[in-house]
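Down below is the structure, laid out as structure tokens.
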Amino acid sequence: MPAGILSKSYGPSFRHYRQLSASLLKQLGYGGRGLVMESRLLAEASALIGRLTVAEGGAIYPKDDITLSVFNVIHDVIFGRGQNQV
């Protein structure tokens, strides 16, 4: 029977990679007191709402807008800026 999460041994290599990933996420603005990641997400959520309200009650196909929002958050974290259009 394969080992599950509960029976997995979390040795030194696991701790090393956990600390490495946590420090990388902190450098990218996740966690901490700066709320950098939260401000990025809120800005993109506001932009998404703005793009979706253009339809003014009409039928919409939100796939492209949602895809753009996810792309923008990832792009902003990696490169420091996002894209404006699909």
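The values are calculated or read from the model by the stated rules, or taken from the named source; none is laboratory data. No experiment lies behind these values; they were computed from the predicted model shown.
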Could you tell me whether the range 45-62 includes any residue that is of a type in the set (D, E, K, R) and at pLDDT 90 or above?
no
Please find, among Val73, Val86, Val36, the residue that is within 12 Å of the chain's Cα centre (by Cα) and at pLDDT below 75.
Val36
